[in-house]
Amino acid sequence: MRADFYVLAEAMPGGRLKVACRLAEKAYLAGQRVLVWHSDREELGRLDELLWTFADTSFVPHGWLAEGADAPVLLSAGDPPATAPQVLINLDTSAEPPPCAADAERIVEIIDAEPAHRESGRARFRAYRQLGCEPATHTLRGP
């Protein structure tokens, strides 16, 4: 398992979602199965819309896991997938990793400048270490 933490250097409205779109697109283009995990269905709905519009030249086939979608990029607000994702993009702000994290080949965490999100991100960082993974941190200057 590999865990990458993408940390936004400053507060940017919608920054986490824009970064999630770029990373989901990159994984899709590499032929990987992607699961985007978030307990906030409303924010995940905004990501769903953004995946259609974030770049004029991109197309990221995606759908909701709960609706039985068969797409390379799946969105889930709580349902674990039947098949482990190759890439798990975690947008949840809980202190615990998603329940399907241990099954993913790669975990992507996107942390913004919100203090509570930073603190829960640190807790997940420690949890991944306890699972035997050495997470990597990447600081982003913009989405």
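Taking square-rooted eigenvalues a ≥ b ≥ c of the alpha carbon gyration tensor, is the range 12-113 rounded, prolate or oblate, where a/c under 1.5 means rounded and, failing that, a/b exceeding b/c means prolate?
It is rounded, given that a/c, with a ≥ b ≥ c, falls under 1.5.
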Notebook entry, point to check: When the chain is fully extended, how far beyond the present Cα-Cα distance does residue 42 get from residue 71, taking 0.36 nm per residue of separation?
Noted result: 8.4 nm
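Given R₀ = 30 Å, what would the calculated FRET efficiency be for residue 116 paired with residue 9, taking r from the Cβ atoms and rounding to 0.05?
Values: r = 17 Å, r/R0 = 0.58.
Result of the calculation: an efficiency of 0.95.
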Margin query: Could you check the spin-label model distance between residue 96 and residue 32? Points 7 Å from the Cα along Cα→Cβ, value in nm.
Written below: 2.5 nm
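Helix-only estimate, please: 222 nm mean residue ellipticity of the chain, summing -39500 (n - 2.57) across DSSP H runs of length 4 or more and dividing by its residues, to the nearest 500.
-10000 deg cm²/dmol
Every number in this text was worked out from the coordinates using simple rules, so none of it is lab data. Because the structure is predicted, anything quoted here is derived from the model rather than measured. Cβ coordinates were reconstructed from backbone atoms using ideal geometry, including for glycine residues, and neighbour counts include every protein chain displayed.
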